[in-house]
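Asker: After the structure tokens below, expect a handful of questions from me.
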Amino acid sequence: MHSGYFMASLTIRNFDDQLKSMLRVLAASHGCSMEQEARDILRKAVQPQLSGAAFAQRISQRFAGLDVGELPIPPRRPARMSVTFDAVDPT
């Protein structure tokens, strides 16, 4: 049991040896077990994709407690001078 509920088990039959080897290498590169890597891959595959609005809402929630008035405002720099191309007399 984990946190008051049972964890499910999953058995995958006919798992290709080459796929298992690739999973082992990927797990090692992430510093975790093959089981953890498989869980992460499956979790990512079945999680609903966030829409742009949901992403904006997450950003808004992240910075909700930030007082914008406390942020330092850097001094403005003068604008660059525009480039002019004067006509040159070819003679």
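We did not get these values from a lab; they are worked out from the coordinates using the rules stated. Since we're looking at a predicted model, the values are computed, not measured. Here the Cβ is made from the backbone with ideal geometry for all residues, glycine too, and neighbour counts use every protein chain on show.
Asker: Out of the stretch 1-72, which trypsin sites (Lys or Arg not before Pro) are coil in DSSP terms and have no more than 12 other C-beta atoms within 10 Å? Walk me through the intermediate numbers first.
Answerer: Details: sites: Arg13, Lys20, Arg24, Arg39, Arg43, Lys44, Arg58, Arg62; in loops: Arg13.
Those satisfying the criteria are Arg13.
Asker: Counting Lys and Arg as +1 and Asp and Glu as -1, each charge on the Cβ, what is the dipole of the chain about the Cα centre in debye, to the nearest 20? Show your work: numbers first, answer last.
Answerer: Numbers: 11 positive and 9 negative charges, 58 e Å.
Roughly 280 debye, rounded to the nearest 20.
Asker: Please give the calculated 222 nm ellipticity per residue for the chain, where each DSSP H segment of at least 4 residues contributes -39500 (n - 2.57) and the sum is spread over every residue; nearest 500 deg cm²/dmol?
Answerer: Result for the chain, helices only: -12500 deg cm²/dmol.
Asker: Choose one answer from Leu42, Leu19, Leu71: the residue with the largest mean-square fluctuation in a GNM of the chain with alpha-carbon springs under 10 Å.
Answerer: Leu71
Asker: With a 10 Å cut-off between alpha carbons and a GNM built on the chain, which of Met34, Met81, Met22 moves the most?
Answerer: Checking each option, the largest mean-square fluctuation is seen for Met81.
Asker: As I understand it, the dipole of the chain uses +1 on the Cβ of Lys and Arg and -1 on the Cβ of Asp and Glu, about the Cα centre. Which of Phe85, Pro75, Val25 lies farthest toward its positive end?
Answerer: Val25
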